[in-house]
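Presented below is the structure to which this report refers.
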Amino acid sequence: MNFTADTLITHFLRTYREPFTAREMSRFLGQVGIRATARQVAEYLESDPLVFPLEHKLFLTRAGAFVGQFFSFVPTPQEVMQKVFVPGDRCIPFVDMEMLSCTLQFEYNGKLLQPKIFNTDCNQARDLFTLVGDEYASQYIAADPVNKDLHLDAQEFELPPKISLTGVSIERIMQDCDFKYGDRLLCRVNDWDRGIIEIFPLVTHKLNPMQVNYEDMERQHWNDMLEKALLESFDRLGPCASMDEQLANVFYENRKKLCTTECGSVHEFLENSKKVAMELFGVETRLWRYGEDVPAVGKWNAQDLERGLDGGVPLYNLPDYVIDCFIQDLLYEKKEDVSGLVKKIIPKSMEISPEEEQFFTLQIMRRNAILRRKYNWFADFSRGSIRHRALDLYSKVGSLVYDIDCASDKLEQMPQQELVTLSQLFTHVSRMLEALSCLNESIDGDEYAMQLSLEGMEYNFEDIRIPLTAAIERLRTDRWKVI
């Protein structure tokens with residue numbers, strides 16, 4: 001799809017609010033000169049995080065799902081003292097996660113509330129971004145324009161003790177309705193595409209904090225409904241791609257019960273729930289059953305696992321950028337012979353016929369001839385050593401993935417957290433290679449961050465390699481015993 005097509009499709013998915021079919025979208029695209037069959041459109045929509053697949057082959061955008069829906073939160077004592085609140089992760093899953101939370105706009109009585117700087121310490125700042133995952137919180141905080149001089153990579157991704165965040169002033173609200181700590185801000189999404197949210201202050205502070213009133217009972221009931229819905233989603237959907245996606249599915253499917261004016265907040269729910277918590281999922285974080293390891297294998301991904309851990313490592317379906325990186329690494333090391341690249345690219349335990357090896361070698365030779373003409377060793381110097389390390393890790397991870405795929409189809413018997421980490425490492429190192437394959441794009445400023453990231457991935461791989469290798473040997477032994 002060209003730029004115009006991408007722009008039109010993105011605009012449609014960000015603004016259209018009614019359920020639609022792939023055929024209807026195909027017809028719409030045809031009217032603006034974009035040819036795509038209903039099947040192609042359906043495949044595109046099923047993989048798009050901005051779209052919910054519905055029954056009867058219908059689809060609904062996130063804009064259609066969440067515009068007009070209510071959610072709420074209670075500002076912290078420190079925020080109320082400074083007459084400000086920080087959106088942080090409080091609008092998850094009702095807004096676009098690709099938008100920085102500090103760029104969201106909040107309306108009160110028909111007028112936009114003004115931005116205001118909030119000063120706090122690093123721990124409270126991280127608490128305001130827990131739903132993006134602790135592993136990403138620092139990056140979200142550093143992306144705030146007020147922190148433009150904060151260079152995380154120079155501090156090994158650690159936040160300074162004191163931090164500032166772009167917040168939203170609530171001075172007008174406090175003047176109008178005696179808003180105090182303990183009071184709640186009820187929010188409603190008015191424009192998903194532009195990130196506009198309307199605020200309704202709920203002033204219910206009590207003289208006796210131990211007294212239970214109607215609102216308290218309603219929010220406890222709300223917590224119970226959210227807990228039940230999340231537990232059901234774990235069985236049906238497993239751990240989704242992110243906590244945002246997990247919550248988006250739950251709130252959309254239960255919007256009539258959860259998106260009411262008596263709603264609580266996800267943060268309050270997690271503070272009180274004894275059954276749901278944020279648990280480690282490899283090197284990331286997911287919502288899951290309290291105190292339980294998040295599994296890699298379940299009925300939610302059984303069909304995918306029949307095709308291997310990540311679809312196996314197909315010989316001819318390797319991404320072009322991976323092959324390019326191996327060729328660029330050969331050029332970086334000033335070597336001429338490409339015949340040995342086949343053995344470096346494919347997993348060590350994979351057996352291929354002489355015909356397959358010859359065919360693959362010819363492909364590499366053709367690509368090598370193209371890249372060699374425009375390769376500049378001096379321009380590639382800064383990324384060459386990083387790419388070499390990334391390729392070494394990619395080969396090790398890919399070989400282990402292939403060995404697991406060949407050892408057994410009973411992945412539920414493998415160490416689950418190690419299996420999850422392996423899959424995440426494969427994804428992360430692949431993304432790094434994709435970035436490094438673009439010779440015309442500079443990595444100045446990202447070099448140190450990439451080195452730190454690689455160091456962490458190498459450490460994680462060595463940490464999981466031994467238990468996974470032991471499990472592979474055990475499964476192979478059991479397989480021979482059965483025969």
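The values are calculated or read from the model by the stated rules, or taken from the named source; none is laboratory data. Nothing here was measured: the structure is a model prediction, and the numbers come from that model. No Cβ is skipped: glycine too gets one built from the backbone with ideal geometry, and neighbour counts run over all protein chains shown. Just the protein is used for accessible areas: all its heavy atoms, side chains included, with ligands, DNA and RNA removed. Shrake-Rupley method; radii C 1.70, N 1.55, O 1.52, S 1.80 Å.
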- For the stretch 245-260 the number of residues that are open to solvent by 20 Å² or more (accessible area, probe 1.4 Å) and assigned to a helix (DSSP H, G or I) is 7
- Is it the case that some residue within the stretch 275-283 is over 30 Å from residue 175 (Cα atoms), modelled with pLDDT of 90 or more and charged (D, E, K, R)? yes
- Task: Can you tell me which residue among 242, 233, 265 is farther than 19 Å from residue 78 by Cα, hydroxyl-bearing (Ser, Thr, Tyr) and touching a residue at least 60 places away in the same chain (Cβ under 8 Å)?
- Result: 242
- Message: Name the single residue that is most open to solvent (accessible area, probe 1.4 Å) among those in the stretch 271-296 being in a loop (DSSP other than H, G, I, E, B) and in contact with a Gly (Cβ under 9 Å, 6 or more places away or on another chain).
- Response: 283
- Query: Name the residues in the stretch 390-409 that are in a helix (DSSP H, G or I) and of a type in the set (Ser, Thr, Tyr), would you?
  - Reply: 394, 395, 399, 402
- Message: Going residue by residue through the stretch 205-227, is there one that turns out to be basic (Lys, Arg), modelled with pLDDT of 95 or more and either open to solvent by 40 Å² or more (accessible area, probe 1.4 Å) or under 18 Å from residue 113 (Cβ atoms) (or both)?
- Response: no
- Applying the selection to the stretch 136-159, what residues are under 26 Å from residue 268 (Cβ atoms) and assigned to a helix (DSSP H, G or I)? 136, 137, 138, 139, 140, 141
- Check residue 289 against each of (1) modelled with pLDDT under 90; (2) in contact with a Leu (Cβ under 8 Å, 6 or more places away or on another chain) and name the one condition it does not meet. (1)
- How many residues does the stretch 336-389 contain that are touching a residue at least 12 places away in the same chain (Cβ under 8 Å), in a loop (DSSP other than H, G, I, E, B) and open to solvent by 90 Å² or more (accessible area, probe 1.4 Å)? 1
- Message: For the stretch 77-102, give me the residue count where each residue is modelled with pLDDT of 95 or more, open to solvent by 10 Å² or more (accessible area, probe 1.4 Å) and closer than 19 Å to residue 15 by Cβ.
- Response: 1
- Residue in the stretch 404-423 that is open to solvent by 30 Å² or more (accessible area, probe 1.4 Å), more than 30 Å from residue 135 (Cα to Cα) and without any contact (Cβ under 8 Å) to a residue 60 or more places away in the chain present: yes
- Task: Look at the stretch 84-120 and say how many of its residues are more than 26 Å from the chain's Cα centre (by Cα) and on the phi < 0 side of the Ramachandran plot.
- Result: 13
- Query: Exactly one of (1) buried (at least 17 other Cβ atoms within 10 Å of the Cβ); (2) hydroxyl-bearing (Ser, Thr, Tyr); (3) at pLDDT below 95 is unmet by residue 136. Its number?
  - Reply: (1)
